[in-house]
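Q: My questions will all concern the structure given below.
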Number of protein chains: 2
Amino acid sequence: MEGGLTLSALEQLNQRLVAYIDLSHVQSLLNWDLQVYMPTEGAEERGEQSATIRRLAHEVLLSDETARLLEEAKSQTAGLDADSDEAAMIRVIDRAYTKERNVPADWVSRFSRVTSLAYDTWVKAKSRSDFALFRPHLEEVVRLRQEYASFFKPYEHGYDPLLDDFEPGMKTAEVQAIFRSIRPAQVALIQAIGQAQPVDDACLHQAFDPAAQREFSLELSQRLGFDFSRGRLDISPHPFTTSFGQGDVRITTHFAPAYLGMSLFSTIHETGHALYDQGIPLAYRRTMLADGASMAIHESQSRLYENLVGRSRPFWTYFYPRLQQRFPTQLAGVPLETFYRAINQVKPSLIRIEADEATYNLHIMLRLELEIALIEGSLAVKDLPEAWNDQMQANLGLTPPDDAQGVLQDVHWSSGDIGYFATYALGNLVAAQLWEKINADLPDLAQQFERGEFGALLEWLRQHVHRFGARYLPKTLIQRATGTSIDPAPYLRYLNEKYGEIYRL
Amino acid sequence: MEGGLTLSALEQLNQRLVAYIDLSHVQSLLNWDLQVYMPTEGAEERGEQSATIRRLAHEVLLSDETARLLEEAKSQTAGLDADSDEAAMIRVIDRAYTKERNVPADWVSRFSRVTSLAYDTWVKAKSRSDFALFRPHLEEVVRLRQEYASFFKPYEHGYDPLLDDFEPGMKTAEVQAIFRSIRPAQVALIQAIGQAQPVDDACLHQAFDPAAQREFSLELSQRLGFDFSRGRLDISPHPFTTSFGQGDVRITTHFAPAYLGMSLFSTIHETGHALYDQGIPLAYRRTMLADGASMAIHESQSRLYENLVGRSRPFWTYFYPRLQQRFPTQLAGVPLETFYRAINQVKPSLIRIEADEATYNLHIMLRLELEIALIEGSLAVKDLPEAWNDQMQANLGLTPPDDAQGVLQDVHWSSGDIGYFATYALGNLVAAQLWEKINADLPDLAQQFERGEFGALLEWLRQHVHRFGARYLPKTLIQRATGTSIDPAPYLRYLNEKYGEIYRL
């Protein structure tokens, strides 16, 4: 705590909210276990346990006592620097409190029921490629998310409150402007690559023993700085990172027995998230600041490690000989340069989660535009498949052969997470901004990587990003770390340079 | 629910207590994860999370609303059969409520603090074999447990309330009478075995690949009836069973690379516990009856599987060829009879958890007598090591070379679990009582085992034990299942017959 003031209302508030924070960590454990180890028949009771924890967390946060202390803390700290820990804590608590208070319990239970059914139906609809089956459920989800937005009136745009859930302070108009400015350059790059000599990634598509992949994943993660005394690596169908406190941050990865790229880049990606969570200072332990600044900032850390570090030549100059030792029969005869090009193959594809670094954002822009149109009401759910396919053609020159490979591919809408997608693409932009600054500050970074040294990189991120936790709004954090506001130029420079070289454009 | 009455107060009470039950399952998950997967640095926050869950559970249970509904439910059901589901539910809720209400929050937090420190000190004291270091902590624990007993005055004996925590309705005088009656026969048996030709268990002490041990553990557990769609098997230093609801019952085991007995009998033992938990009827889901009847009844299930089933000839007639296939280099040349004798070796030893079936109860009797004396105040903690060593000599003819192998060996006292030990021995007695009845009802049980058929056994236990959950007090359950009250005779008959044959007495 800075300032030296006796802020008794805030201290009391923090003391009260440790229970809320404990419950959210318990919720994370319930969810981690569900995805990693829970037997199938545990699902029903696990759902009930989660609901009970959620309800109790709601009661702790929304009590009259929280409201009273929050008002008192606000008036006691009215004169404080907006960037102080105290002001930041009150801002973060106020935000959480207001979101919880504005949304009626009735809406929460309807939303939970509707999305639970929508998810189950989506699983079926996707397997049969039957959009008509999913359509009424998605219509209901859209209506509920529109209703959700209405709890936060007035707003500039009906999509703003949804975006704000994932990206505090970000406005629809801002994100639209950013994406509008990068789309032409991204499309042009993809088209140029489409006319160049293709890159062969056959070396990644061989049989790779999952146990050996696991050993290499552990080595990667550890060497990048993941502290295994404060975390674990496990396996789940969809890789993710979760945290039960600064002393227990867990990542999962996935081993595809016939494709090495899956585990390599899932592990590096999740390690990027985990380094952020492990880097939040102990001074913020059990406070509302012990969190990332936003989803986009979190994603900037995972993308920075996955792509700017983990798909770079210097990185593999160090790691590739080690990888070859683990898989001599598969890789001994494959030169580093062939491997480097393989992991950077650009190939427009239908599926977002399989997309490469250069095409990924185009998948996101498509979803963002469609989401905004659905929430505005300018696009009806019934017209969504056609709109999806039109955009795929315009962005990537592809048309899905069926809806399973098109509009039905992602889980997000079925679970009600409208507003989330933009953070993936914003994370890419922020990662490139940070990357330019890091390389300016650490001119021999490439040589360090070639020697297997990743400590200076981590130290930079600790210093400029991690140690602030949720203290700053994302835009303030970006400004402080890079000296500018969010800016797509570094990202486009990075893409053009890297792929210009690989594809000899 | 039986009875057909509209018991609205009880229904409301049950509805209210689902949150309490959910929280206790969540607590079990926090603890399972702590023992199985948690990284070392997660301990502090995990402790805080557990404390928060415990506090919230306390608040849910102890609210004025619970008290009001409980009184109302009692008066509404006053005329009901004491063995009905409704009456049983009220009894179990009333018991939990009364225990929670009688114990002041201040005592709970002192106890938690003292035992946490006592545990840490015990770990150190044991490693240095330094009882003096542990002594002041144990003195404090004993004082706190004496104080705990005082919250439940009046009682016949100061140890009664402690025993009752683990074994509802059991009195100190009863358990003393039972143990007094079996001690002479147990001591005599051990002495006779001591003069007989020793049994060689060298075949168990070889190198056994842990991965192959794991495969065999899974096979054992599954064949005995453990449902893996509703459970898991993991590894932890101290094997245990836990349940997060009837759909998620988990066991752990431990693989010793140079001793096969560890994993075999840990797995069978924990499977016995798990079959009980998986056998509690779905009708009791999320009620206070979805639990075992007591620790002793739970232990009767695990001991029955571990010893009466898992150390029998018919069992290994089926399993031993399978075990030999898994470990041909170690066991191909070892005849079944040699293996059977090895797993039934009787050898007085210093350490309870390594004790065989014939000497085990003597370890328990020693602890029970010392615990009772400590709580009565007739034995001072400072005199405990001497008293321990005297009893070891009297019961087993051994004197520990140091306190690490004597009075400091068990974790229980450091964690405040005075009152627990008796249930281990009572479980052995009940297991033998059930075993006589099962064999009378299923005369070809041995032939079934020889064919690898364990379904009829499980069905009998489901029918006579599991399906009642916590509906009956242990003594009622034993009476219903065996036709008699708790009786040590079957246990002594079993021991004398089995070991009389093995040791040719």
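The values are calculated or read from the model by the stated rules, or taken from the named source; none is laboratory data. On a predicted model such as this, the values are computed, not experimentally measured, just so you know. Cβ placement follows ideal geometry from the backbone for every residue including glycine, while neighbour counts extend to all protein chains displayed.
Q: Of all residues being among the small types (Gly, Ala, Ser) and in a helix (DSSP H, G or I) in the range A:142-184, which is farthest from the chain's Cα centre (by Cα)? Just the residue, please. Before the answer, list the steps.
A: Restricting attention to the range A:142-184, the residues satisfying the condition of being among the small types (Gly, Ala, Ser) are A:149-150, A:158, A:169, A:173, A:177, A:181.
Add one more test, that the residue is in a helix (DSSP H, G or I), and what stays is A:149-150, A:173, A:177, A:181.
Details: A:ALA149: 22, A:SER150: 26, A:ALA173: 21, A:ALA177: 21, A:SER181: 22 Å.
My answer is A:SER150.
Q: I've got another one for you. What residue, of A:ALA481, A:ALA446, is over 19 Å from A:ARG311 (Cα atoms) and either modelled with pLDDT of 95 or more or not in a helix (DSSP H, G or I) (or both)?
A: Working: A:ALA446 fails: over 19 Å from A:ARG311 (Cα atoms).
Unique residue meeting the criteria: A:ALA481.
Q: Would you be able to tell me the number of residues in the range B:249-287 that are more than 15 Å from B:SER302 (Cα to Cα), of a type in the set (Gly, Ala, Ser) and within 13 Å of chain A (Cβ to nearest Cβ)?
A: The qualifying residues number 0.
Q: Which condition number does B:SER415 fail, the rest of (1) in a loop (DSSP other than H, G, I, E, B); (2) buried (at least 24 other Cβ atoms within 10 Å of the Cβ); (3) in contact with a Ser or Thr (Cβ under 8 Å, 6 or more places away or on another chain) being met?
A: Failed condition: (2).
Q: Something else about it: If the Cβ limit is 7 Å and pairs must be 6+ apart or interchain, which residue in the range A:412-425 that is under 17 Å from A:HIS298 (Cα atoms) pairs with which residue that is at pLDDT 95 or above and basic (Lys, Arg)?
A: A:PHE421/A:ARG367
Q: Could you grab the pairs with beta carbons closer than 6 Å, sequence gap of 6+ or different chains, first residue in the range A:44-64 and more than 17 Å from B:ARG16 (Cα to Cα) and at pLDDT below 95, second one of a type in the set (Gly, Ala, Ser) and crowded, with 20+ Cβ neighbours inside 10 Å?
A: Partner pairs satisfying both residue conditions: A:VAL60/A:ALA19.
Q: Quick check: is even one residue across the range A:199-217 under 22 Å from the mean Cα position of the chain (by Cα) and surrounded by 14 or more Cβ atoms within 10 Å (Cβ to Cβ)? Explain how you work it out, then say what you get.
A: Within the range A:199-217, the subset under 22 Å from the mean Cα position of the chain (by Cα) is A:217.
Next, only the ones that are surrounded by 14 or more Cβ atoms within 10 Å (Cβ to Cβ) stay: A:217.
Within the range A:199-217, one or more residues are under 22 Å from the mean Cα position of the chain (by Cα) and surrounded by 14 or more Cβ atoms within 10 Å (Cβ to Cβ).
Q: Say whether the condition of being surrounded by fewer than 21 Cβ atoms within 10 Å (Cβ to Cβ) and within 19 Å of the chain's Cα centre (by Cα) is met by at least one residue in the range B:480-500.
A: Yes; the residues of the range B:480-500 include at least one that is surrounded by fewer than 21 Cβ atoms within 10 Å (Cβ to Cβ) and within 19 Å of the chain's Cα centre (by Cα).
Q: Go through (1) acidic (Asp, Glu); (2) within 30 Å of B:ALA470 (Cα to Cα); (3) part of a helix (DSSP H, G or I) and name the single condition B:GLU215 misses.
A: (2)
Q: Can you report the number of residues in the range A:266-300 which are over 27 Å from A:LEU162 (Cα atoms), free of Cβ contacts under 8 Å to residues at least 60 places away in the same chain and either within 14 Å of the chain's Cα centre (by Cα) or buried (at least 24 other Cβ atoms within 10 Å of the Cβ) (or both)?
A: Number satisfying all stated conditions: 4.
Q: Look at the range B:273-300 and say how many of its residues are in contact with a Lys or Arg (Cβ under 7 Å, 6 or more places away or on another chain) and assigned to a helix (DSSP H, G or I). Can you show your working first?
A: Our first condition is that a residue be in contact with a Lys or Arg (Cβ under 7 Å, 6 or more places away or on another chain); within the range B:273-300, this holds for B:278-279, B:281, B:289.
From what is left, the residues that are assigned to a helix (DSSP H, G or I) are B:278-279.
Final tally of qualifying residues: 2.
Q: Continuing with the same structure: Hey, does the range A:320-330 have a residue that's charged (D, E, K, R) and within 20 Å of A:MET262 (Cβ to Cβ)? Don't jump to the end; show me each part of the working.
A: Restricting attention to the range A:320-330, the residues satisfying the condition of being charged (D, E, K, R) are A:322, A:326.
Checking the rest, the ones that are also within 20 Å of A:MET262 (Cβ to Cβ) come to A:322, A:326.
Scanning the range A:320-330, I find at least one residue that is charged (D, E, K, R) and within 20 Å of A:MET262 (Cβ to Cβ), so the answer is yes.
Q: Test of understanding: among B:LEU23, B:LEU29, B:LEU13, which residue is in contact (Cβ under 8 Å) with a residue 60 or more places away in the chain, touching a helix residue (DSSP H, G or I) at 6+ places or on another chain (Cβ under 7 Å) and within 14 Å of chain A (Cβ to nearest Cβ)? I'd like the intermediate steps shown before the answer.
A: Details: B:LEU23 fails: in contact (Cβ under 8 Å) with a residue 60 or more places away in the chain; B:LEU13 fails: within 14 Å of chain A (Cβ to nearest Cβ).
Of the residues listed, the single one that is in contact (Cβ under 8 Å) with a residue 60 or more places away in the chain, touching a helix residue (DSSP H, G or I) at 6+ places or on another chain (Cβ under 7 Å) and within 14 Å of chain A (Cβ to nearest Cβ) is B:LEU29.
Q: Confirm whether B:ARG68 is free of Cβ contacts under 8 Å to residues at least 12 places away in the same chain and either more than 14 Å from every other protein chain (Cβ to nearest Cβ) or over 22 Å from B:PRO161 (Cβ atoms) (or both).
A: Values: free of Cβ contacts under 8 Å to residues at least 12 places away in the same chain: yes; either more than 14 Å from every other protein chain (Cβ to nearest Cβ) or over 22 Å from B:PRO161 (Cβ atoms) (or both): yes.
Yes; evaluated as a whole, the condition is true for this residue.
Q: Can you work out which of the residues in the range A:224-248 that are of a type in the set (Asp, Glu) and not in a strand (DSSP E or B) is farthest from the other protein chains (Cβ to nearest Cβ)? Working first, answer last.
A: Residues of the range A:224-248 that are of a type in the set (Asp, Glu), as a first pass: A:227, A:234, A:248.
Now drop any that are not not in a strand (DSSP E or B), which leaves A:227, A:248.
Values: A:ASP227: 8, A:ASP248: 3 Å.
Looking at the filtered set, the residue picked out is A:ASP227.
Q: Looking for something in contact with a Ser or Thr (Cβ under 7 Å, 6 or more places away or on another chain), surrounded by 16 or more Cβ atoms within 10 Å (Cβ to Cβ) and of a type in the set (A, V, I, L, M) - is there at least one such residue anywhere in the range B:309-328? Walk me through how you get there before you give the answer.
A: We begin by selecting, within the range B:309-328, every residue in contact with a Ser or Thr (Cβ under 7 Å, 6 or more places away or on another chain); these are none.
For the range B:309-328, residues in contact with a Ser or Thr (Cβ under 7 Å, 6 or more places away or on another chain), surrounded by 16 or more Cβ atoms within 10 Å (Cβ to Cβ) and of a type in the set (A, V, I, L, M): absent.
Q: Further question: Does the range A:341-359 hold any residues that are touching a residue at least 60 places away in the same chain (Cβ under 8 Å) and more than 13 Å from A:ILE193 (Cβ to Cβ), and which are they? Step through it out loud before you land on a result.
A: Within the range A:341-359, the subset touching a residue at least 60 places away in the same chain (Cβ under 8 Å) is A:341-348, A:357-359.
If the condition is that a residue be touching a residue at least 60 places away in the same chain (Cβ under 8 Å) and more than 13 Å from A:ILE193 (Cβ to Cβ), then A:ALA342, A:ILE343 are the ones that fit.
Q: For B:ARG303, are the conditions met, namely being modelled with pLDDT of 95 or more, more than 14 Å from chain A (Cβ to nearest Cβ), surrounded by 24 or more Cβ atoms within 10 Å (Cβ to Cβ) and not in a strand (DSSP E or B)? Can you show your working first?
A: Values: modelled with pLDDT of 95 or more: yes; more than 14 Å from chain A (Cβ to nearest Cβ): yes; surrounded by 24 or more Cβ atoms within 10 Å (Cβ to Cβ): yes; not in a strand (DSSP E or B): yes.
Taking the combined requirement at face value, the residue satisfies it.
Q: Among the listed residues A:VAL199, A:VAL187, which satisfies the condition of being touching a residue at least 60 places away in the same chain (Cβ under 8 Å), in a loop (DSSP other than H, G, I, E, B) and on the phi < 0 side of the Ramachandran plot?
A: Working: A:VAL187 fails: in a loop (DSSP other than H, G, I, E, B).
Answer to the check: A:VAL199.
Q: Kindly indicate whether B:SER112 is at pLDDT below 95, away from every other protein chain (no Cβ under 14 Å) and either within 21 Å of A:ASP22 (Cα to Cα) or not in a helix (DSSP H, G or I) (or both).
A: Values: at pLDDT below 95: yes; away from every other protein chain (no Cβ under 14 Å): yes; either within 21 Å of A:ASP22 (Cα to Cα) or not in a helix (DSSP H, G or I) (or both): yes.
The answer is yes for B:SER112.
Q: Would you confirm, using the coordinates I've provided, whether A:LEU495 is over 30 Å from A:PHE111 (Cβ atoms) and either among the hydrophobic types (A, V, I, L, M, F, W, C) or not in a loop (DSSP other than H, G, I, E, B) (or both)?
A: Working: over 30 Å from A:PHE111 (Cβ atoms): yes; either among the hydrophobic types (A, V, I, L, M, F, W, C) or not in a loop (DSSP other than H, G, I, E, B) (or both): yes.
Yes; evaluated as a whole, the condition is true for this residue.
Q: Filter the range B:372-390 down to residues that are crowded, with 18+ Cβ neighbours inside 10 Å and either modelled with pLDDT under 95 or over 19 Å from B:SER129 (Cβ atoms) (or both), then give me how many there are.
A: Matching residues across the range B:372-390 total 4.
Q: Between B:ARG55, B:ARG46, which is within 14 Å of chain A (Cβ to nearest Cβ), among the basic types (Lys, Arg), buried (at least 21 other Cβ atoms within 10 Å of the Cβ) and over 23 Å from the mean Cα position of the chain (by Cα)? It would help to see each step written out before you state the result.
A: Working: B:ARG55 fails: buried (at least 21 other Cβ atoms within 10 Å of the Cβ).
Result: B:ARG46 is the single residue among B:ARG55, B:ARG46 that is within 14 Å of chain A (Cβ to nearest Cβ), among the basic types (Lys, Arg), buried (at least 21 other Cβ atoms within 10 Å of the Cβ) and over 23 Å from the mean Cα position of the chain (by Cα).
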